1. Gain in length, B:Asn261 to B:Phe436, computed as 0.36 nm per residue apart minus the alpha-carbon separation, to one decimal in nm?
2. In terms of modelled amide H atoms, which long-range or inter-chain residues lie less than 5 Å from the amide H of B:Tyr338?
3. Determine the alpha carbon to alpha carbon distance for each of B:Lys60/B:Lys129; B:Lys385/B:Lys414; B:Lys54/B:Lys89; B:Lys50/B:Lys120; B:Lys306/B:Lys358 and list only those over 24 Å.
4. Rg/Rh for the stretch B:322-414 to two decimals, with Rh computed the Kirkwood way over all alpha-carbon pairs.
5. With label points built 7 Å along Cα→Cβ from the Cα atoms of B:Ser83 and B:Arg200, find their separation and express it in nm.
6. Quick check: from the Cα gyration tensor, does the stretch A:58-155 come out rounded (a/c under 1.5), prolate or oblate?
7. Need one word for the stretch B:176-433: rounded, prolate or oblate. Basis is the Cα gyration tensor (sqrt eigenvalues a ≥ b ≥ c); a/c below 1.5 gives rounded, then a/b vs b/c decides.
8. Using a Förster distance of 45 angstrom, determine the FRET efficiency expected from the C-beta separation of A:Glu63 and B:Lys405, and round it to 0.05.
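Each reported figure results from applying straightforward, stated rules to the coordinates on display, with no laboratory input. What you are looking at is a predicted structure, and each value in this text was computed from that prediction instead of being measured. Using ideal geometry, Cβ is built from the backbone for each residue, glycine included, and neighbour counts are taken over all protein chains shown.
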Amino acid sequence: MNSVKPLLRSLFIPAMFFLGACGCCEKVVAPPPAAPPPPPAPVIVLPGLGDVFYDFDRSDLREEAVVQLKTNANWIAANAANNVIIEGHCDERGTSEYNLALGERRANSAKDYIVNLGIAPARLKTVSYGEEKPFVIGHTEEAWAQNRRAHFVAE
Amino acid sequence: MMQFFRGVVFSVFALLFCLLFPLHLVAAEGQEYIAIRKEGSGNIALVLDKLDAKGRKETKFAQSLDVTMHDGLDFTRLFSLISPPLNVKEHSDRNSVVINFPALTSVGAEVYVGGVVTMKSDTIILDMKVYEAAGSKLLMSKTYSGTEADLRSMAHAFCADLVQLLTGKRSVFGSKIVFISNKTGFKEIYECEFDGYGVRQLTNSKSISMNPVLSPDGRYLAYIDFSSGRPALSIRNLTGGRTAVVGKSAVSIDPGWRNSNEVAATLSFDGNQEIYLVNTDGTISRKVTNSKSINISPTFSPDGSKMAFVSSRNGLPQLFIQDLASGQVNRLTFSGRYNTQPSWSPVSDKIVYTTWEKGGEINIFTINADGSGLTQLTQNCGENKSPSWSPDGEMIVFTSNRQGKEKLYVMSAKGGDGRILLQVDGEQTQPSWSLFR
């Protein structure tokens, strides 16, 4: 798990610069640090892009995920300058190759839902990190639940 | 009652006959010397005698060769290494030595190995002799030579010849293992020799690398690389240095070689996670699977005609076998709810894989390609993952967190205790044993 910290840090530091540089701009969305639904950061005026969470070994959408994806679709529609990357993630359990596949299915299920709401597919890229980049380090159901997610990143 | 009794007696005799007969058959057929043992019985009892050497340099090299040979033979798990009896060599005069075969048989030795190290200018010459202890028959006499830098390969060349002589099969000497280590803080690919010697870092992408696997001829390394921001199948030419990256979008997962010209991997560019055969230049040869579910982790029968893989087409991940010519797919595993990571033996119809079990353990199993012979190889030792066969099919390398961090272990293909392969910082995962040696 040592490999994860520099990766997270490398994501976090540019994110902080980004926040600092355009603190006045409405488009900015911080990566949600905690449990669903993510608490909105004070800089955000428009409802931002939030992550959605999945059940164990599933890629279908939960009820609250559907609500979040509608919010995300509104944000994407209102921010035509930004394309969005949807990252699929899994918890550490099971085997890494299967989790890489499962992560992609999670990203795709989120993307498909947003496309069905009318967003052009070309604006949405998907990728899977499987179990390689957990958000929370830990071996509890609490940590695992946080790590089974589709993470939205504005480009 | 009498009839029942007669029936029982007959059955017992029939059973005994069946048990004994194959042994006689083997013994009668044996033209060359091959140690005849019942399947699963003990190892070959071997005395590896201290090498003879005169002179300071020769003695030093002999000691080094002794250690390498001893460790090499021990690694194969084919031998019970017996210490040489004190009176194993009797000096008839100043220059000739007589081997005391009765002393060898009295300690239970089947085979005796001895040798002499001499030097001709800077060349080290190793003369090895192998005897059958019971018949005092010379089975092999062979000379190996090289410089000081070649000592390890000279010792292993002899070990390989000895295994070939006594078992009729090629061994693991000269093979390599590639694996992932996060020692630098990033998941990079490393290689080492079959016994963990000579660890060398192969990638320095400062990203995430996964699932390295060497082509059967050793010329290519296929792996998954996240450098571009997505997991992409990369095929590195180890002789020329060029790396082909499969240019298609979406993700690539878990490559497995069919032969030295074709590697299979999951590519999802058409929206589904399907397995494709890919040429070494990164161009796609053909699509193999056709199902909207997860299809991953291709591994091929030794003749390349069949592919075992993981699919979630019935819900939970299970192993399937597809006949490449007909396209016919059969489900292989019915026991266990989460079966992944198949690897097909390079010499037989056995497939090794992992099951994630209810209690949280991940264990390694083997099963025959026809679904028979399910055998559990690990238990009560945490998560045991990514099994890969040795080129002779006798051993399995895998990763386990049985002592905390994930490390590489090697065990017999029949199971039993795993021995740790190497002591390196960080965690080591996803080992893959080469077919070449």
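1. Working: separation 175, 0.36 × 175 = 63.00 nm, distance 1.46 nm.
Contour length minus Cα-Cα distance gives 61.5 nm.
2. Here the answer is B:Trp356, since their amide H atoms fall under 5 Å of that of B:Tyr338.
3. Values: B:Lys60/B:Lys129 20 Å; B:Lys385/B:Lys414 16 Å; B:Lys54/B:Lys89 16 Å; B:Lys50/B:Lys120 21 Å; B:Lys306/B:Lys358 31 Å.
The answer is B:Lys306/B:Lys358.
4. Ratio of gyration radius to Kirkwood radius for the stretch B:322-414: 0.98.
5. It works out to 3.8 nm between the two label points.
6. In terms of gyration-tensor shape, prolate.
7. On the way: a/c = 1.45, a/b = 1.02, b/c = 1.42.
Because its axes are fairly even, with a/c under 1.5, the stretch B:176-433 counts as rounded.
8. Values: r = 39 Å, r/R0 = 0.87.
Calculated transfer efficiency: 0.70.
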